[in-house]
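The values are calculated or read from the model by the stated rules, or taken from the named source; none is laboratory data. For clarity, every value in this text was computed on a predicted model and none was experimentally measured. With ideal geometry, Cβ positions are generated from the backbone for all residues, glycine too; neighbour counts draw on all protein chains shown.
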Amino acid sequence: MASRNAASVGRKSSAAKAATKDFLNGTIAEFDRDKELNAYREMLLIRRFEEKAGQLYGMGFIGGFCHLYIGQEAVVVGMQMALKEGDQVITGYRDHGHMLACGMSARGVMAELTGRRGGLSKGKGGSMHMFSKEKNFYGGHGIVGAQVSLGTGLAFANKYRGNDNVSLAYFGDGAANQGQVYESFNMAALWKLPVIYIIENNRYAMGTAVARASAGVDFSQRGSAIGIPGFQVDGMDVRAVKAAADEAVAFCRDGKGPIILEMQTYRYRGHSMSDPAKYRSKDEVQKMRSEHDPIEQVRARLLEKGWASEDDLKAIDKDVRDIVADSADFAQNDPEPDASELYTDILL
């Protein structure tokens, strides 16, 4: 019995690895002009928003913890391009970019960062805890790895209801070592739940390099023992992310169960605004910026193909900056929540 079970697990593991190997061929989605421009604008909005959030944090308008998404924009933008209405998203505390990509208003996100009444959680959640049922965004979560179990629960609900919606659960390379992540993997594999586990491997779990904290650094294979296929993806190229997303979403909608996408990406700032990131060299960060920046890649393609001029791109940047400036003005001047809000939205 034991040998048969071992053989079965071995076959599942080999199948998962074979699927990964087949996929690692540099596949990228073909983008036309409209898709390139949309990706450029969406990523630029996240970048400019996060830059402004960093400024407001430094000025004291944002308190507590604040984790910026600068450098990782291609991951969430590429994934969102493959979704349909009804698909759900849940993530950790580096969440502002995910909210914007899901269509949540810049005003609402920024006002929540400053703890104002017009924030998406009425000013009571702050940077790490925003939520929008309307946009199928089930929150940023401050507890490391907690959102993975919740995202698995969303997938269970989808299967129970018999719809074809897919749940996306984002988490980082550090969270990938949490026990509840593996419990979620097991349940999702056992019940063939429609969930995409997206590991945003930005190379540093807080201040520790991946190789110093993880015995196995190929995170795409974390589910191979129980038959969950996994793919490594260039998370700095929005086209590669979109191609992987299309495959993963189709896999889940076809009832084949969960899948893992390891997005190999990079954050330019520290873990949070309080982190000076002295554990890596300035040269390393500059090399990533100059050679792999996700926004500059799209910009270069638009100019090279003649799909946009410098003036066109400047106009997009101005429009984005105007949106961000408006959100910052709103977030600084909107009233704080009334004291009575302390007693609302509480389950007793």
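Taking the listed residues Arg321, Arg301, Arg280, the one that is under 21 Å from Met81 (Cα atoms) and in contact (Cβ under 8 Å) with a residue 24 or more places away in the chain is Arg301, with no other qualifying. Put simply, of Arg107, Arg94 the only residue that is modelled with pLDDT of 95 or more, in contact with a Phe, Trp or Tyr (Cβ under 8 Å, 6 or more places away or on another chain), assigned to a loop (DSSP other than H, G, I, E, B) and not β-branched (Val, Ile, Thr) is Arg94.
Screening Thr344 against (1) among the β-branched types (Val, Ile, Thr); (2) crowded, with 18+ Cβ neighbours inside 10 Å; (3) at pLDDT below 95 leaves a single unmet condition, (2). In this structure, is Glu134 out of contact with any helix residue (DSSP H, G or I) (no Cβ under 7 Å at 6 or more places or on another chain) and part of a loop (DSSP other than H, G, I, E, B)? When the stated conditions are applied, Glu134 passes them. Inspection of segment 271-279 finds a residue satisfying the criterion of being touching a Gly at 6+ places or on another chain (Cβ under 9 Å), exposed (fewer than 15 other Cβ atoms within 10 Å of the Cβ) and among the basic types (Lys, Arg). Are any residues in segment 232-259 free of Cβ contacts under 8 Å to residues at least 60 places away in the same chain, over 14 Å from Ile198 (Cβ atoms) and either of a type in the set (Val, Ile, Thr) or in a helix (DSSP H, G or I) (or both), and if so, which ones? Within segment 232-259, just Ala250 meets the criteria. Considering every residue within segment 53-61, establish whether at least one is assigned to a helix (DSSP H, G or I) and among the hydroxyl-bearing types (Ser, Thr, Tyr). Among the residues of segment 53-61, at least one is assigned to a helix (DSSP H, G or I) and among the hydroxyl-bearing types (Ser, Thr, Tyr), which makes the answer yes. Of the candidates Gly64, Gly78, Gly140, Gly153, the single residue that is without any contact (Cβ under 8 Å) to a residue 24 or more places away in the chain and either assigned to a helix (DSSP H, G or I) or of a type in the set (Gly, Ala, Ser) (or both) is Gly153.
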